[in-house]
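All remarks here apply to the structure that follows.
Derivation of every value follows stated rules applied to the coordinates shown; laboratory data play no part. Since this is a predicted model, take the numbers as computed values, not measurements. Backbone-built Cβ (ideal geometry, glycine too); neighbour counts: all protein chains shown.
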Amino acid sequence: MARFAAIGLDHRHIYDLTEGLLAAGAECVGYDPVTTDGRVLAGFRKRFPRVPAVFRQRLLDDPSIDFVVIAAKPSDRAALSIRAMRAGKDVLCDKPGVTTAEQLAAVRAAVRETGRVWSICVGRVASPSIQAALSVVRSGELGRLVQMVNLAPHRLNRALRPGWFFDKPAYGGIINDIGVHAIDTFLAFAGTETAEIVSATVGAFGTEPPGFEDFAELVLQTPSVRGYCRMDWFTPDGLPTWGDGRLFLVGTEGTLELRKNLDIEGRPGTDHMFIANKSGTRHVDCSTLAVTYYRDFLAKTLPQEPVFAMCALALDAQARATRYSAEVRP
């Protein structure tokens, strides 16, 4: 049984990562209690009461620990990943894994140097409905894929956010932070590790503190597929989930829509897929479909280069992005 430790308990994603690994058959043998957010630490202890607190260096020095899972402050994740890999451990990291191009280069070098695995858990790999949609596209049912539209609204939940959440050097900008999900999804559907950035924009429309990036748009393309991505922090409080994530695919012989988190005023639950083609229309409940990401990570069957590719594209798009003026009002 693979043994792992949780290090960097600064974001609540650490709960999902740990739960996914436990469900895949791994054993969590310790967590580092050092955190920038005591609420995350308290939540981890509540969810995993049998996992002991062990300070970071002891965990990294323990040769019986195979890998670490990291959800530290984003700007700290690269250095912590490198430290873990040089200690002989694979790494499963929360997104974004890096916040600068220099960090990405350093992680690449550490992977080459150590031969360890560095993986980032993004939305696609843990989403039953996206996995189902990929199968539909690859089957040819939609014909040749022409366009993807990815809408990714998020709820701010200000009261739950630590100070670093609003500090751009700490999170790397909105496209690098939450746009990396959409970039990874586009690359997967387009079947490529490269794409052209047609346009990228970010906006700060009044969310406190001033300058916090709360909206972004991104257009990507390959020689055959276009993709539009929108991400924001404007999910209204009345919506019964953190965001109405939606994915639209247009093919030459059919269309597909995912309602990943809810079907407004419709069917209960998550992971709804709607398909229209020459034969008719259908709804598919994908919520009970298994995802294999955590098992694949444990089996070391995940390719490394696509992880680097999505990070590089996210950093490039963030760096190129033009900025909407928050002073412009209709």
Partner lysines whose C-alpha sits under 22 Å from that of K260, ignoring same-chain residues fewer than 8 away, are K95
With axes computed from alpha carbons, what is the tilt in degrees of helix 38-47 against the longest principal axis of the chain, rounded to the nearest 10 within 0 to 90?
-> 90 degrees
Helix 128-139: angle to the longest alpha-carbon principal axis of the chain, degrees 0 to 90, nearest 10?
-> 50 degrees
Beyond 25 Å, what percent of the Cα pairs of segment 3-121 remain?
-> 14 percent
Identify the trypsin sites (Lys or Arg not before Pro) of segment 4-67 meeting these criteria: DSSP loop state and at most 11 other C-beta atoms within 10 Å of the C-beta.
-> R50
Apply 1/(1 + (r/R0)^6) to the Cβ-Cβ distance of D237 and V34, taking R0 = 41 Å, and write down the FRET efficiency to the nearest 0.05.
-> 0.80
Of the convex hull enclosing the alpha-carbon atoms of the chain, the direction-averaged projected area in nm² is 17.3 nm²
Backbone HN-Hα couplings from phi across segment 186-195 [Karplus 6.51/-1.76/1.60, Hz, Gly and Pro as x] | 4, 4, 5, 5, 6, x, 8, 10, 9, 7
Computed lengthening from M1 to R155, 0.36 nm per intervening residue step minus Cα-Cα distance = 51.7 nm
In degrees between 0 and 90, to the nearest 10, how far off the longest principal axis of the chain does helix 101-114 point, with axes built from Cα atoms?
-> 60 degrees
For segment 124-291, what is the convex hull (Cα atoms) projected area averaged across all directions, in square nanometres?
-> 10.6 nm²
Gaussian network model of the chain, Cα within-10 Å springs - most flexible of I178, I130, I264 | I264
What do you get for Rg/Rh over segment 174-237 if you use C-alpha atoms and the Kirkwood form of Rh?
-> 1.04
If each Cα of segment 24-80 is one equal point scatterer, what is log10 of I(q)/I(0) from the Debye formula at q = 0.13, 0.29 Å⁻¹?
-> -0.35, -1.43
Say each of E19 and E113 gets a label point 7 Å from the Cα, pointing the same way as Cα to Cβ; how far apart are those two points in nm?
-> 3.6 nm
Please give, to one decimal in nm, the separation of the simple spin-label points placed at A79 and R50, each 7 Å out from Cα toward the Cβ.
-> 3.6 nm
Given 0.36 nm per residue, what is the gain on full extension from T252 to V219 after removing their alpha carbon distance, in nm?
-> 9.9 nm
